[in-house]
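A short write-up of the structure that comes next.
The values are calculated or read from the model by the stated rules, or taken from the named source; none is laboratory data. Values in this document were obtained by computation on a predicted structure and should not be read as measured data. Cβ coordinates were reconstructed from backbone atoms using ideal geometry, including for glycine residues, and neighbour counts include every protein chain displayed.
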Amino acid sequence: MELQKYACSSCRSTSEPDQETPGGPRVAFEGGSALSPAAVISPDRARQQAVALAKEVGCPTSSVQEVVSCLRQKPANFLNDAQTKLLAVSGPFHYWGPVVDGQYLREVPVRALKRPLPGKVDLLIGGSQDDGIINRAKAVKQFEERQGRTNSKTAFYQALQNSLGGEDSDARILTAAVWYYSLEHSTDDYASFSRALENATRDYFIICPMINMASLWAKRTRGNVFMYHMPQSYGHGSLELLADVQYAFGLPFYSAYQGQFSTEEQSLALKVMQYLANFIRSGKAAEFAAPWPDFVPGAEGESYKEFSAQLPNRQGLKRADCSFWSKYIQALKDADGAKDDQLTKSEEEGLAVGSELEEDFSGSLEPGPKSYSK
C-alpha cells in the first residue's frame with residue numbers, strides 16, 4: 001500500500017501486487033492525478049528551467065555537468081527562494097516535474113494507465129476545494145512583499161493568468177478560460193477575477209484530471225474505486241496543509257492545534273480516518289462505516305463522498321466545468337483542422353482521455369447559471 005500526499009498538482013503513484021495485502025495492493029491519491037496536463041514536463045522546458053535557476057543563483061551554464069554540480073552545492077533554502085522568484089514571473093504551475101527520458105520514466109503516465117495491470121488494484125482518489133493556484137501561489141505573493149513590492153497583486157494576478165496557458169502559454173486556452181470562468185464576475189474587480197482564475201486552474205490541473213483518472217480506472221475494472229471531495233469551508237488555511245490531509249491524519253486531535261477545530265470538525269476527522277483505515281485494510285472504504293458507493297463512470301454515476309458534517313454521497317462533481325475543458329477546449333484546438341503545435345504531448349493525451357470519458361454527455365456547451373460553491 002502506498003499512501004502519498006503530493007505537493008504538486010498531479011503525480012503518479014504505483015504499487016506492485018503484494019501477496020501480503022488482503023485483496024491485493026491499493027493506491028491513494030490526495031490532490032493528484034496521473035492524467036493532469038502537468039504530470040510531466042518536456043525535456044526542453046526542463047533544460048530551460050535548469051538554466052534559468054542556474055543563472056538566478058550565479059551558476060555557470062556552459063554545460064549540463066557544470067549546472068548540476070553547481071546547483072548541488074547551493075543550500076536548499078537558497079534554491080527555494082530563487083525558484084519562488086522565478087515562479088513569480090512564469091506562473092505558479094511552472095514547477096519542476098518528471099521528464100520522459102526512456103529510463104526512469106519510459107512514457108507519459110496516461111499511456112501506462114491504458115495498459116492492463118497484472119492484477120486488481122483498488123483506488124481511492126480525491127481532493128479539497130481549497131487546493132488551487134491561489135493556495136499554491138502564496139509563496140509568490142509573499143516573496144513579492146518581502147522584496148518591498150507592496151502592490152504584489154500585479155505579479156500575483158499575472159501569475160494566475162500565466163498558468164492557464166500551459167507550458168507554452170497558449171493564448172487560446174487563456175482567452176477561453178477567462179471567458180468561461182468570468183461569466184459571473186467583473187474583470188475590473190481583482191478579488192472576483194482572481195477567484196474565477198482560481199476555479200479555472202483548479203479544474204484544469206487538479207479536479208478534472210482526478211475525475212478522469214477515477215473514470216479510466218473504473219472503466220478498466222481495475223478494482224474498487226472511491227472518490228471524495230472536501231468543501232472549502234472545512235479548511236484551516238493557517239495550518240498550510242490542505243483540508244483533506246488535515247482530517248485524514250487527525251490534526252483536529254493534535255494538542256498543538258487545541259481550540260482551532262470545533263467538536264463537529266473533530267467528529268468529521270474521526271470518520272475520515274475510519275474510511276481511510278477501512279480502505280487500507282480491505283480496499284473497501286465504507287466497511288464498518290456509513291455507505292460510500294463505488295465510483296461508476298457515466299451520466300447516471302460518478303458518485304463521490306463529500307467530506308462534510310453529514311458525509312453525503314453526491315454525483316457529478318464539476319461535470320459542466322470538466323466538460324468545458326474536455327470538449328470545448330479540445331474543439332477549439334481542432335478548429336483549424338490541425339493539431340496545436342504548442343500543446344505538449346502530456347496535455348494533448350490528457351485532454352483526449354477526458355473527452356473520451358465524457359462521451360456519454362450530450363447537449364450544447366452554451367453557458368448557463370454558474371455557482372462557485374461547487
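Suppose we filter ALA214, ALA218 for residues that are closer than 30 Å to ALA177 by Cα, of a type in the set (A, V, I, L, M), modelled with pLDDT under 90 and touching a strand residue (DSSP E or B) at 6+ places or on another chain (Cβ under 7 Å); which single one remains?
ALA218
How do the pairs read when you match residues in segment 269-287 that are more than 15 Å from TYR247 (Cα to Cα) with residues anywhere that are polar (S, T, N, Q) and not in a helix (DSSP H, G or I), using Cβ under 8 Å and keeping only pairs 6 or more apart or on different chains?
Listed pairs, sorted by first residue: GLY283/ASN224; LYS284/ASN224; ALA285/ASN224.
Small (Gly, Ala, Ser), at positive phi and modelled with pLDDT under 60: is that true of SER186 in this structure?
Answer is no for this residue.
Evaluate the following for PHE226: is it crowded, with 18+ Cβ neighbours inside 10 Å, of a type in the set (A, V, I, L, M, F, W, C) and not in a strand (DSSP E or B)?
No, not satisfied.
Against the condition modelled with pLDDT under 85, surrounded by fewer than 18 Cβ atoms within 10 Å (Cβ to Cβ) and either among the basic types (Lys, Arg) or within 23 Å of MET213 (Cβ to Cβ) (or both), how does ASP81 come out, does it pass? Reasoning before the result, please.
Values: modelled with pLDDT under 85: yes; surrounded by fewer than 18 Cβ atoms within 10 Å (Cβ to Cβ): yes; either among the basic types (Lys, Arg) or within 23 Å of MET213 (Cβ to Cβ) (or both): no.
So ASP81 fails the test.
Which pairs turn up if I take residues in segment 84-104 that are buried (at least 17 other Cβ atoms within 10 Å of the Cβ) and of a type in the set (Gly, Ala, Ser) and look for partners that are assigned to a loop (DSSP other than H, G, I, E, B) and modelled with pLDDT of 80 or more with beta carbon separation below 7 Å, at least 6 apart in sequence or on another chain?
The qualifying pairs are GLY97/VAL40; GLY97/ILE41.
Regarding segment 325-335, can at least one residue be identified that is without any contact (Cβ under 8 Å) to a residue 12 or more places away in the chain and of a type in the set (Asp, Glu)?
Among the residues of segment 325-335, at least one is without any contact (Cβ under 8 Å) to a residue 12 or more places away in the chain and of a type in the set (Asp, Glu), which makes the answer yes.
Just one of PHE307, PHE324, PHE295 is under 25 Å from ASP130 (Cα atoms), at pLDDT below 90 and surrounded by 19 or more Cβ atoms within 10 Å (Cβ to Cβ); which is it?
Only one candidate passes the filter, namely PHE324.
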